[in-house]
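The values are calculated or read from the model by the stated rules, or taken from the named source; none is laboratory data. The structure presented is a predicted model; accordingly, all values stated were derived computationally and were not measured. Here the Cβ is made from the backbone with ideal geometry for all residues, glycine too, and neighbour counts use every protein chain on show. With ligands, DNA and RNA removed, areas are computed over all heavy atoms of the protein, side chains included. Shrake-Rupley method; radii C 1.70, N 1.55, O 1.52, S 1.80 Å.
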Amino acid sequence: MADAAARPCPWHMPAWEALTAGSRHAHAFLFAGLPGVGKRLFAEAFAAHLLCLQPVASHACGQCRSCLLQQAGSHPDRLVVEPEEQGKAIRIDAIRQLGDFIGQTAQQGGRKVIILHPAEAMNLNAANALLKSLEEPTPDTYLLLVSDQPSRLLPTIRSRCRVQPLITPGHAEALAWLQHSLPDLSPEQHAALLLMAGGAPLRAVALQAIDAASLREQVVEGVKALLKSQQSASQLAERWTSVPLELLADWFCDWTLDLLRLKTGAADVPVNADMDKVLPFMARHLQLPALLDWQSWLLQHRGMLLGKANLNRVLFIETLLIRWKQLLERR
Ligand SMILES: [Zn+2]
């Protein structure tokens, strides 16, 4: 294994250079940016850099004892705090564990690093417990918070961190990176994935891993069948077991924006090409107040999903579909 140390994404190199050039580090960092732009990777690389015994040109060497321990996932002075299950909260027990870790002496004799991801998943008790650790920094201990939604963090937590915004790359750069990362896909597939990922390249790779294009096709076909009354909302809700709810809510948000553009005359054709028949038809037959009503319901529930609320999956999809269909019936 020559050099397997984590590296930040190419579009984050300016931020990386600025961060690692500073000889005096803060003890708490907040890496903030949209989902899937490479924040976690950036935090991993920074942790590796902080723990490496002999960094080479601002990167972890990938070969020293500390780097090898990290690559094996068994560095005793590195702690990752995350929800027990994806989408669930980070609870106070995990933060107490973090407190114990901070209290220990570094076993490799150097620094200790904690990666907390995603920081906004902390519930209020956990956040308050973390605040205590932030208020009393320990020398040579670094806390790296990673967040898609820094505005959901307690302001007192944000203000104690050095905030490092991590950008979304430009379209051409993102596409080039994606072509390199998923060489088996066609240029059309790269473009479609990137569009679905809101321009975030690592999210595009994650979407490909769950075959989001097929899931989307399944949902589009389902929505068409629903509007033709060939399928009921509850049948579809039972069937869409592998569609992540956040993704589903995102798609309906995108379609709703298209409906608004079409209804208000801001556009003649929808951005979402796979719905290019359905959306104009709906826009012609629905009323604007009903559309705005629906949009506020959808945004409220999308917010609940992002806030890791525990929604009943089948019930949520069923309600969503019933409301969507009612758009054509409400006057
Ligand atoms: Zn090293």
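Side notes on the structure shown:
- Taking Lys and Arg as +1 and Asp and Glu as -1, the other residues whose beta-carbon sits under 14 Å from that of Ala233 total +3.
- Fraction of accessible area attributable to carbon and sulfur, segment 185-331 (%, probe 1.4 Å): 54
- Cα→Cβ-extended label distance, 7 Å offset, between Ser296 and Gln104, nm: 5.2
- Look at where the Cα atoms of segment 242-265 and of segment 150-209 average out, and the two centres are 20 Å apart.
- His12 accessible area, 1.4 Å probe, all protein chains in place, Å² to nearest 10: 0
- Per-residue SASA remark: Asp293, around 80 Å² accessible (1.4 Å probe; ligands, DNA and RNA not included).
- Computed with a 1.4 Å probe on the full set of protein chains, the accessible area for Ser214 sits at about 50 Å².
- Estimated inter-spin distance, Ala309 and Val56, nm [label 7 Å along Cα→Cβ]: 5.1
- Computed lengthening from Asp140 to Ala213, 0.36 nm per intervening residue step minus Cα-Cα distance: 21.7 nm
- Across Asp254, Asp140, the residue with the most accessible area heads the list, and the full order at a 1.4 Å probe is Asp140, Asp254.
- Here the convex hull built on the C-alpha positions of the chain has a volume of 156 cubic angstrom per residue.
- Surface composition of segment 10-167: carbon plus sulfur atoms hold 50% of the accessible area, using a 1.4 angstrom probe and ignoring ligands, DNA and RNA.
- Residue pairs exceeding 32 angstrom between C-alpha atoms, taken from Lys277/Lys308; Lys132/Lys308; Lys224/Lys308: Lys277/Lys308.
- Remark: the Glu188-Thr319 segment gains 43.8 nm on full extension, using 0.36 nm per residue and subtracting the alpha carbon distance.
- Residues whose placed amide H lies under 5 Å from that of Gly87, excluding near-sequence neighbours: none
- With a 1.4 Å probe rolled over the protein heavy atoms of all chains, the accessible area of Leu195, Leu134 falls in the order Leu195, Leu134, largest first.
- Per residue accessible area in Å² of the chain, where ligands, DNA and RNA are left out and the probe is 1.4 Å: 49
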